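Let me begin by presenting the structure, written as structure tokens, before commenting on it.
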Amino acid sequence: MAASHAVVGVEGGSSQTGLILSGSSTGDVKRPQFGTRFLTDPRHVFQHNAWDNVEWTEEQEAAAKRKVLENSQPLPPEKQEEYDTRASEYWNDFYAIHENHFFKDRHWLFTEFPELAPQCRLNHVGQWDSLGERQSTEVAAPPHTDGDFPGSSATYRVLEVGCGVGNTVFPILKTNNDPGLFVYCCDFSSTAVELVKTNPDYNPERCFAFVHDLSDVEASYPIPDGTLDVIVLIFVLSALHPNKMKASISRLARLLKPGGVILLRDYGRHDMAQLRFKKGRCLSENFYVRGDGTRVYFFIQDELHDLFTEAGLEKVQNLVDRRLQVNRGKQLTMYRVWIQCKYRKAPIQKPDTQD
Ligand SMILES: C[S@@+](CC[C@H](N)C(=O)[O-])C[C@H]1O[C@@H](n2cnc3c(N)ncnc32)[C@H](O)[C@@H]1O
């Protein structure tokens with residue numbers, strides 16, 4: 001997606017600039033707010049590496065639309081078909097080349113998605129402490145793997161879909177010390193899943209990695225419906241053909257417990273990565289293929305809202321994160337657009353009780 005169409009590993013969350021000191025005597029720091037460094041004077045643009053919540057001018061928006069339109073001639077159907085049927089092979093090739101050196105650990109996860117470690121809080125040196133008694137990462141948890149499905153005896157179950165080599169999964173396992181936690185993760189790239197399983201931090205008593213194609217809605221998951229507290233989708237839905245997104249999200253929604261939540265962060269419309277695609281890479285509107293054969297879609301908020309609500313989920317959050325990243329050395333500005341969503345399955349209503 002960069003100029004060479006390689007996948008850019010800089011998809012980020014909020015910068016660490018928004019730490020708000022609580023002022024409490026314990027030295028605790030509240031969770032950072034969603035982006036709080038604002039560029040008020042354009043002359044100061046090169047004073048920091050990133051600016052949050054950047055407003056686009058009308059001209060900038062119009063130029064982006066023109067760029068997308070100029071490059072909207074889709075590839076012929078047989079090429080489209082090939083990229084779809086061979087999608088997992090292209091990702092296997094990607095991971096065979098990059099192994100686990102490409103994507104960075106997503107440490108911003110816990111500021112944007114506290115649901116992944118609900119009992120943790122950021123301390124004054126920027127580390128996540130458990131609010132419960134257990135603070136060690138060496139958790140003496142009972143094995144959660146001996147029931148009728150992996151993690152059946154767990155009390156908090158998280159599934160990451162499109163986990164790659166574990167840049168989300170391993171930070172969760174490290175940060176969330178809840179002994180009742182069990183983390184599932186899957187990817188349709190068997191190469192990526194193998195890299196997760198051979199990682200020294202992979203602990204089968206707390207984690208279960210498996211190969212699974214999100215868009216194959218007939219394929220079963222190793223987890224019964226209605227058992228997950230959290231499902232995480234980090235830059236993965238955008239890799240699916242847009243025609244397959246609706247059924248895939250509905251299938252995932254079935255796995256959630258009542259009150260369970262899907263967390264998503266993904267590419268937004270007119271992100272720098274979209275505007276950088278050269279002619280001949282467009283598959284359909286706002287959907288492109290990179291030079292390495294992997295694909296990417298650029299969302300608007302309403303599309304994601306419709307996908308989740310049509311799956312019966314209700315909105316907790318749906319926001320667009322417009323970030324201006326700055327390369328101070330090269331004096332370059334990069335306008336990033338990401339969308340972040342949280343959608344929840346309705347909790348079971350307790351029947352009214354009469355005194
Ligand atoms: C941009 S990478 C993101 C990886 C990881 N979520 C992260 O943030 O580091 C997209 C991932 O989605 C996976 N993926 C793409 N399509 C998929 C599908 N249909 N089913 C499962 N995984 C898929 C790819 O193999 C790749 O690992």
Residues of the stretch 327-355 being closer than 17 Å to ARG276 by Cβ and assigned to a strand (DSSP E or B), in sequence order, are ASN327, LEU332, THR333, MET334, TYR335, ARG336, VAL337, TRP338
So is VAL211 among the hydrophobic types (A, V, I, L, M, F, W, C), over 30 Å from LYS350 (Cβ atoms) and surrounded by fewer than 18 Cβ atoms within 10 Å (Cβ to Cβ) or not? yes
Please enumerate the residues belonging to the stretch 75-110 that are more than 10 Å from the ligand (Cβ to nearest atom), at pLDDT 75 or above and under 25 Å from ASN199 (Cα atoms). GLU89, ASP93, ALA96, ILE97, HIS98, GLU99, TRP108, PHE110
Could you go through the stretch 226-237 and let me know if any residue there is within 12 Å of the ligand (Cβ to nearest atom), in contact with a strand residue (DSSP E or B) (Cβ under 9 Å, 6 or more places away or on another chain) and part of a loop (DSSP other than H, G, I, E, B). yes
Give just the number: which of (1) touching a residue at least 40 places away in the same chain (Cβ under 8 Å); (2) surrounded by fewer than 14 Cβ atoms within 10 Å (Cβ to Cβ) does ARG323 not satisfy? (2)
Could you figure out which of (1) of a type outside the set (Gly, Ala, Ser); (2) assigned to a loop (DSSP other than H, G, I, E, B); (3) more than 12 Å from the ligand (Cβ to nearest atom); (4) out of contact with any Pro (no Cβ under 9 Å at 6 or more places or on another chain) isn't true of VAL261? (2)
What are the residue pairs meeting all of these: first residue in the stretch 286-306, first residue under 13 Å from LEU75 (Cα atoms) and β-branched (Val, Ile, Thr), second residue modelled with pLDDT of 95 or more and within 13 Å of the ligand (Cβ to nearest atom), Cβ atoms under 7 Å, and 6 or more apart or on different chains? VAL289/TYR83; VAL289/ARG295
Between residues in the stretch 78-97 that are within 14 Å of GLY162 (Cβ to Cβ) and residues that are charged (D, E, K, R) and within 11 Å of the ligand (Cβ to nearest atom), which pairs lie under 8 Å by C-beta distance while being six or more apart or on different chains? ALA87/ARG295; SER88/ASP213; TRP91/ASP187
Cβ-Cβ under 6 Å, sequence separation 6+ or interchain: first residue in the stretch 242-271 and within 20 Å of ILE300 (Cα to Cα), partner polar (S, T, N, Q) and within 15 Å of the ligand (Cβ to nearest atom). Which pairs? LYS244/SER215; SER248/SER215; ARG265/GLN340; ASP266/SER238; TYR267/SER238
Pair list, Cβ < 6 Å and 6+ apart or interchain, from the stretch 206-233 residues that are within 12 Å of VAL161 (Cβ to Cβ) to residues that are of a type in the set (Val, Ile, Thr) and more than 12 Å from the ligand (Cβ to nearest atom): VAL230/VAL158; VAL230/VAL261; ILE231/ILE262
Which residue out of ASN203, ASN177 is in contact with a Gly (Cβ under 9 Å, 6 or more places away or on another chain), away from the ligand (no atom under 12 Å from the Cβ) and either of a type in the set (D, E, K, R) or on the phi < 0 side of the Ramachandran plot (or both)? ASN177
For the stretch 89-115: of the residues being out of contact with any strand residue (DSSP E or B) (no Cβ under 9 Å at 6 or more places or on another chain) and of a type in the set (S, T, N, Q), which is farthest from SER189 (Cα to Cα)? ASN100
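The values are calculated or read from the model by the stated rules, or taken from the named source; none is laboratory data. Source: prediction; values computed, not measured. Quick reminder, even Gly has a Cβ in these numbers, built from the backbone with ideal geometry, and neighbours come from all protein chains shown.
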